[in-house]
Amino acid sequence: MPKLILMDHDGAIDDLLSQLLVLTMPDTELIGITVTPADCYIEPALESTYKLLQLMGKESVPLGRGDYYGINAFPNEWRARPEIINALPMLINLPKSPDPYTYLSAPDLIIDRLSSATETVTILMTGPCSNLVLALEEVPELKDKIKEIVWMAGAFRVHGNVQTFQHDGTAEWNVFWDPISSQKLVSYELPLTLIPLDVTNHVPVTRKFLSTLATQIDYKLSNLTGQLWALTLDTIPSYHYTYFMWDILATSYLALPEKFTTEIVKANVSTRPPNAGQTYLDDNGYTVKIATDVNPAHFYEYILTHFKR
Ligand code: AGV
Ligand code: CA
């Protein structure tokens, strides 16, 4: 039996790269994708999502439209990127995607996919967790259908990546977008594995990686992913603008869990300024698994080999 995966992403470049990674993993069946309007605008992001499905001959995977908007919006320059993606040479001429307003809402799709699954499901989240929390609040017994949740989120023993007003910089963006839902998710004590900045900080998108990827562009996916990654290097490389392999690393955890160092901790999430969205260790908190380290060479090699197709 293939491993069943339900993915929720938020339309950023590494979210779409993660979708490609999941779509090409062996022994894995993607049973649905929901999109959160966080690091994207929803319509172009659903279009990119659908186009990548078409490219891989998987347009039968159902999509769900996130209609819930979190508490702390992402910067608009980041959200606008999927428009560029839809114009890339390998995507621009693909058949038009369906009207996004014909899709089920994201929580409804999550409910549908979990209820009809015959095995337990692994949920991969590469954006905020609001859609999942909305679904579980509506049908709490669906928690039993979840095998594991893998979520790119949080920052425990390192600085966060949120830099804005009324904030002390301790939070990671996916948690900060909706601190209330994040706190709820952690409090459920489901089998939850976080891939936080503590580990993603080890894997920036480097020119060396892109240069190696470029030597294999005769492979369709090396060509397309090379173009997508190139779009992430549009800013001056200071920490706050360095693009990391955030979501790709979380996604590769599905295939390479043994390459990660993990730790079971007690933790909680702040829901108020000045540290709203901070994930912090707390003896009186809730049990979660966090990844703390990975071998970067193994990871980059896995990605380079994987996209030779
Ligand atoms: O905090 C990391 C999350 C990941 O899910 N996102 C980007 C990844 O998709 C937010 C984010 C932090 N810094 C960013 C982000 C940046 N410089 N550009 C775009 N998004
Ligand atoms: Ca993301």
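For the subset of region 271-309 comprising residues that are β-branched (Val, Ile, Thr) and farther than 26 Å from GLY70 by Cβ, which member is surrounded by the fewest Cβ atoms within 10 Å (Cβ to Cβ)? Outline the logic, then answer.
Initially, region 271-309 is screened for residues β-branched (Val, Ile, Thr), giving 271, 279, 287-288, 290, 292, 294, 303, 305.
Next, only the ones that are farther than 26 Å from GLY70 by Cβ stay: 292, 294, 303, 305.
Values: THR292: 15, VAL294: 22, ILE303: 23, THR305: 10.
Here the residue is THR305.
Out of region 167-183, which residues are outside any loop (DSSP other than H, G, I, E, B) and within 14 Å of the chain's Cα centre (by Cα)? Don't jump to the end; show me each part of the working.
Kept after step one, since they are outside any loop (DSSP other than H, G, I, E, B), are these residues of region 167-183: 173-176, 179-183.
Correct list: TRP173, ASN174, VAL175.
Do the conditions hold for LYS143, that is, is it over 17 Å from ASN72 (Cβ atoms) and either away from ligand 1 (no atom under 16 Å from the Cβ) or assigned to a helix (DSSP H, G or I) (or both)?
Values: over 17 Å from ASN72 (Cβ atoms): yes; either away from ligand 1 (no atom under 16 Å from the Cβ) or assigned to a helix (DSSP H, G or I) (or both): yes.
The answer is yes for LYS143.
For region 1-48, how many residues meet the condition of being touching a Gly at 6+ places or on another chain (Cβ under 7 Å) and within 14 Å of ligand 1 (Cβ to nearest atom)?
Number satisfying all stated conditions: 12.
Condition test on HIS240, is it of a type outside the set (Ser, Thr, Tyr) and modelled with pLDDT of 95 or more?
On the way: of a type outside the set (Ser, Thr, Tyr): yes; modelled with pLDDT of 95 or more: no.
No.
Checking SER48 against (1) away from ligand 2 (no atom under 14 Å from the Cβ); (2) closer than 26 Å to TYR302 by Cα; (3) hydroxyl-bearing (Ser, Thr, Tyr), which test does it fail?
Evaluating SER48 over (1) away from ligand 2 (no atom under 14 Å from the Cβ); (2) closer than 26 Å to TYR302 by Cα; (3) hydroxyl-bearing (Ser, Thr, Tyr) leaves (1) as the failure.
Looking at region 213-237, which of the residues that are within 16 Å of ligand 2 (Cβ to nearest atom) and modelled with pLDDT under 95 is nearest to the chain's Cα centre (by Cα)?
THR232
What residue, among those in region 55-86 that are part of a loop (DSSP other than H, G, I, E, B) and at pLDDT below 95, is farthest from LEU231 (Cα to Cα)?
Of all residues in region 55-86, those part of a loop (DSSP other than H, G, I, E, B) come to 56-62, 66-75, 80-81, 86.
Those left that are additionally at pLDDT below 95: 75, 80-81, 86.
Working: PRO75: 17, ALA80: 12, ARG81: 9, ASN86: 12 Å.
Result: PRO75.
Can you say whether LEU21 is free of Cβ contacts under 8 Å to residues at least 60 places away in the same chain and assigned to a helix (DSSP H, G or I), as far as the supplied structure shows?
On the way: free of Cβ contacts under 8 Å to residues at least 60 places away in the same chain: no; assigned to a helix (DSSP H, G or I): yes.
So LEU21 does not fit the description; no.
Here is a yes/no grid of residues against (1) aliphatic (A, V, I, L, M); (2) within 16 Å of ligand 2 (Cβ to nearest atom); (3) surrounded by 15 or more Cβ atoms within 10 Å (Cβ to Cβ):
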{"residue": "SER97", "(1), (2), (3)": "no, no, yes"}
{"residue": "ALA106", "(1), (2), (3)": "yes, yes, yes"}
{"residue": "GLU119", "(1), (2), (3)": "no, no, no"}
{"residue": "LEU124", "(1), (2), (3)": "yes, yes, yes"}
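Quick check, is THR193 outside any helix (DSSP H, G or I) and modelled with pLDDT of 95 or more? Talk me through it step by step, then tell me what you get.
Numbers: outside any helix (DSSP H, G or I): yes; modelled with pLDDT of 95 or more: yes.
The answer is yes for THR193.
Any idea how many residues of region 74-84 are over 24 Å from SER97 (Cα atoms) and surrounded by 14 or more Cβ atoms within 10 Å (Cβ to Cβ)?
Matching residues across region 74-84 total 1.
Go through VAL162, VAL186 for me and flag whichever is modelled with pLDDT of 95 or more and in contact with a helix residue (DSSP H, G or I) (Cβ under 6 Å, 6 or more places away or on another chain). Break it down into steps so the answer makes sense when it comes.
On the way: VAL186 fails: in contact with a helix residue (DSSP H, G or I) (Cβ under 6 Å, 6 or more places away or on another chain).
It is VAL162.
Residues that are without any contact (Cβ under 8 Å) to a residue 40 or more places away in the chain and within 23 Å of SER182 (Cα to Cα): which strands (runs of 3 or more DSSP E) entirely in region 210-301 hold 1 or more of them?
Numbers: elements: 260-269, 279-281, 286-294.
Output list reads 260-269.
Can you name the condition, by its number, that LEU94 falls short on among (1) assigned to a helix (DSSP H, G or I); (2) within 16 Å of LEU20 (Cβ to Cβ); (3) more than 18 Å from the chain's Cα centre (by Cα)?
Exception for LEU94: condition (1).
The values are calculated or read from the model by the stated rules, or taken from the named source; none is laboratory data. This one's a predicted model, so the numbers in the text were calculated from it and none came from an experiment. Every residue, glycine among them, receives a Cβ derived from its backbone with ideal geometry; neighbour counts consider all protein chains shown.
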